[in-house]
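A short worksheet on the structure shown next.
The values are calculated or read from the model by the stated rules, or taken from the named source; none is laboratory data. Not measured: the values here are computed from a predicted model. Glycine also receives a Cβ, built like all others from the backbone with ideal geometry; neighbour counts cover every protein chain displayed. These area figures cover heavy atoms from the full protein model, side chains too; ligands, DNA and RNA do not enter into them. Shrake-Rupley method; radii C 1.70, N 1.55, O 1.52, S 1.80 Å.
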Amino acid sequence: MLKVIILSRVNDTPYWEEQFNNAQAGPVDITIREDIPGGQNFDLFIIDFSGTQASAFSVAPKDILSSLSPQLEGKNFIIVTDKKDADLAIEAIRIGAIGFLVKPFKDNELRPVITKLQNSTRQQQGLAIQKKQCKIITLLSYKGGTGVSTTAVNLAYAISTFEKKTLIIDAAGFSNHATVLLNVIPKCTIADVCKQDKDLDEAYLENAVRPVNPYLNIIGGLVRTEDINSLSITGLNTMLRIAKEHYDYIIVDTSTHLLDEITMFFIQQANDLLLLTTFDLLAVKDNRFYIQTLKEIGINPDKIKPIINRQDWFVGSLEPELIQKQINHPIYHALPNDWELCVEASNYGRPILEFSPDSQLAISYKILAAKVTDLEMPQQTEEEAAAEAHKQTKGEKKRGILNWF
């Protein structure tokens, strides 16, 4: 849909809707304003000096246009007037207008401007796709207690060590486990983001995230029961669209059990679905049903990537090969069991890779991050290893999480 802002003191939306319809511009979202909004993306600006407002200006239209030029830099805009004004036309060309129309104009006069704009938009979209290929990774499980939130946090942290911009979205109901596991207080929740509706823009989202490290940010989950009414697919879709332009990877922590509307949205948007299971027979049974359901509702089976968590949780009871046979789907990765390490790290609100970087579990998270990103594992420098060893020796640990409960 073509998003158009018309700078005018007269609300003549029906007139402009007719003009765009005659020019065969396709679906158009028209907004009439008296100023240029900041931080929002629009395809076309129309500065309309025609009509009664022209005589109301205390300065010449050419001077008004000159004063607007800094705000119009880099934007597609056209100038419209109802009087032939050579000075205004010259100024419009000077500051980069893509069109100059004098009312009443014919359909074929607006059409070349629309064609030029559509071609420019397609080129920009092509360049954007080449420049940024954001990958959305949704973590899920039918059964609770399989480590979805823990894996989401540690995977996101591991990816950030590759110096890739990563965003965690906590969409797991009211638990906010992701923020607790990282010991950060979220600035905004997904409900706050959705409340912005059409006003959601890059500037808001940039200020809504809480930094965890230079490459990792987070948006918190719901905190109040009434927040559930603020969630909307439109808002979530806008959030993802903007986020994909600024992040390399988006990690989504979802609720377990039913396929609610929000979880289903993040499943459909995902490039990869990491499904967590354990050796618990109930988890195996439930996730077998979950995988089959996802396939039946049309999810690409190649996206579904089961992960065995706590591999030796029940030693000798089940083997990974048997789990793979039971769920009827290839196992993507297995995380070793280190229950005590997970508990201790979570009590301090620190990711495994920071708390115990040389542990088998930390290395396994690095391997998983390398798999989903198709990147080589980053090597820890001698200086970093020495600093980490010194911290372990001195017993320096980040303060506990209970201070903000």
By my count, helices (runs of 4 or more DSSP H) wholly in the range 173-219 with at least 3 residues that are surrounded by 19 or more Cβ atoms within 10 Å (Cβ to Cβ) and touching a residue at least 24 places away in the same chain (Cβ under 8 Å) are 177-182, 190-195
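Looking only at residues in the range 282-309 that are basic (Lys, Arg) and in contact with a helix residue (DSSP H, G or I) (Cβ under 7 Å, 6 or more places away or on another chain), which one is modelled with the highest pLDDT?
Initial filter on the range 282-309 (basic (Lys, Arg)): 285, 288, 295, 303, 305.
Right, trim to in contact with a helix residue (DSSP H, G or I) (Cβ under 7 Å, 6 or more places away or on another chain) and you get 288, 295.
Working: Arg288: 87, Lys295: 90.
The residue in question is Lys295.
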If I ask for residues that are open to solvent by less than 90 Å² (accessible area, probe 1.4 Å) and in contact with a strand residue (DSSP E or B) (Cβ under 9 Å, 6 or more places away or on another chain), which ones from the range 1-18 would you list?
Leu2, Lys3, Val4, Ile5, Ile6, Leu7, Ser8, Val10, Asp12, Thr13, Trp16
Got at least one residue in the range 249-257 being surrounded by 22 or more Cβ atoms within 10 Å (Cβ to Cβ) and of a type in the set (Phe, Trp, Tyr)?
yes
Going through the range 326-348 in order, the residues found to be of a type in the set (Val, Ile, Thr) and either more than 20 Å from Asp302 (Cβ to Cβ) or in a helix (DSSP H, G or I) (or both) are Ile327, Val343
Residues of the range 220-235 being assigned to a helix (DSSP H, G or I) and either surrounded by 19 or more Cβ atoms within 10 Å (Cβ to Cβ) or within 15 Å of the chain's Cα centre (by Cα) (or both), in sequence order, are Ile233, Thr234, Gly235
Among the residues of the range 245-281, how many are modelled with pLDDT of 85 or more and either closer than 26 Å to Asp338 by Cα or not in a helix (DSSP H, G or I) (or both)?
20
